[in-house]
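Structure, as structure tokens:
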Amino acid sequence: VFIDIEIVSANPEVVNEIRKNATEALSSLALKSIELNIITPKIPEEKSNSRSGKNIAPQVKNFIMVSSGKGGVGKSTTTVNLAISMAKMGKRVGILDADIYGPNIPRMLGETKTQPEVVGQRLKPILTHGVYMMSMGVLIEEGQGLMWRG
């Protein structure tokens, strides 16, 4: 007898538990041979989003992206709250505010007047409330428009 069981978990503990329970239940049926196949979902390969295919920030252990297709739902508020909470827990935290239409992170962190320090040809993130922060909001004056080329 051939039996395929398709499950939604790829967790090895779940697979082992289902295999054990199914084997126990089938053993009471007095079958000559049983071939049990547990089918698990395929786990997608992790891919880099950089053009080179390499991790562009290997020194960063974890990334959390806060996003939404709708405005005014609390993305910036959530980001600041998560960042400050993790910093208070002793984690090293950085925020990259990539919002070009309404970069609110500097205002929420009280850093609208602070300019990032230039080190060589790089901008050094601003450290505030234990969080490193870089935002378009610190690169342009408040109320100033921004035009992108390309």
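The values are calculated or read from the model by the stated rules, or taken from the named source; none is laboratory data. Everything quoted here is computed from the prediction, not taken from an experiment. Counting neighbours? That spans all protein chains shown, and the Cβs are built from the backbone with ideal geometry, glycine included.
Checking residue 17 against (1) of a type in the set (Asp, Glu); (2) assigned to a helix (DSSP H, G or I); (3) exposed (fewer than 11 other Cβ atoms within 10 Å of the Cβ), which test does it fail?
(3)
Testing residue 117 on (1) under 23 Å from residue 61 (Cα atoms); (2) of a type outside the set (A, V, I, L, M, F, W, C); (3) over 24 Å from the mean Cα position of the chain (by Cα), one condition comes back false. Which one is that?
(1)
Given 54, 42, 70, which one is touching a Ser or Thr at 6+ places or on another chain (Cβ under 7 Å), surrounded by fewer than 10 Cβ atoms within 10 Å (Cβ to Cβ) and of a type in the set (D, E, K, R)? Before you say what the answer is, go through the steps one by one.
Working: 42 fails: touching a Ser or Thr at 6+ places or on another chain (Cβ under 7 Å); 70 fails: touching a Ser or Thr at 6+ places or on another chain (Cβ under 7 Å).
One residue alone meets the criteria, 54.
Would you tally the residues in the stretch 109-138 being outside any strand (DSSP E or B) and either out of contact with any helix residue (DSSP H, G or I) (no Cβ under 8 Å at 6 or more places or on another chain) or modelled with pLDDT of 95 or more (or both)?
Selection size over the stretch 109-138: 9.
Give all pairs with beta carbons closer than 7 Å in which a residue from the stretch 33-52 that is in a loop (DSSP other than H, G, I, E, B) meets a residue that is loosely packed, with under 10 Cβ neighbours inside 10 Å and modelled with pLDDT under 85; count only pairs at least 6 apart in sequence or on separate chains.
As it stands, the answer is 48/54, since those pairs meet every condition given.
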